[in-house]
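First up is the structure itself, then whatever we jot down about it.
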Amino acid sequence: GKMAQDMTEKELLKMELDQLKREVKNERQMVSKTGKELKDYIESMAGEDPLLKGIPEDKNPFKEKGGCTIS
């Protein structure tokens, strides 16, 4: 597709309208209800969260493979 900066105002408005038509079908719920469900879910998964518990060195795909020395 075209990049947004290459589109006419009419095309941009149609794209926005299409997006709003999709969003209006979403079921809506009160934050007071979903907030607690979300909190409970996050807390139940915390033990498995690598951002909280860290990644073991041997399982870390981003670990530096080798070092470099400057002499």
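Taken together, S44, S32 contain a single residue that is of a type in the set (S, T, Y), modelled with pLDDT of 95 or more and open to solvent by less than 100 Å² (accessible area, probe 1.4 Å), which is S44.
Hey, could you check the stretch 1-16 for residues that are surrounded by 10 or more Cβ atoms within 10 Å (Cβ to Cβ), part of a helix (DSSP H, G or I) and not acidic (D, E) and say which is nearest to the chain's Cα centre (by Cα)? Ranking the candidates gives M15 first.
Looking across the stretch 17-29, the residues that are open to solvent by less than 100 Å² (accessible area, probe 1.4 Å) and part of a helix (DSSP H, G or I) come down to L17, D18, Q19, L20, E23.
The values are calculated or read from the model by the stated rules, or taken from the named source; none is laboratory data. A quick note: this is a predicted structure, and the numbers were derived from the prediction, not measured. FYI the Cβ positions are ideal-geometry reconstructions off the backbone, even for glycines, and counts take in every protein chain you see. Remember, those area values only see protein heavy atoms, side chains included, never the ligands or the DNA or RNA. Shrake-Rupley method; radii C 1.70, N 1.55, O 1.52, S 1.80 Å.
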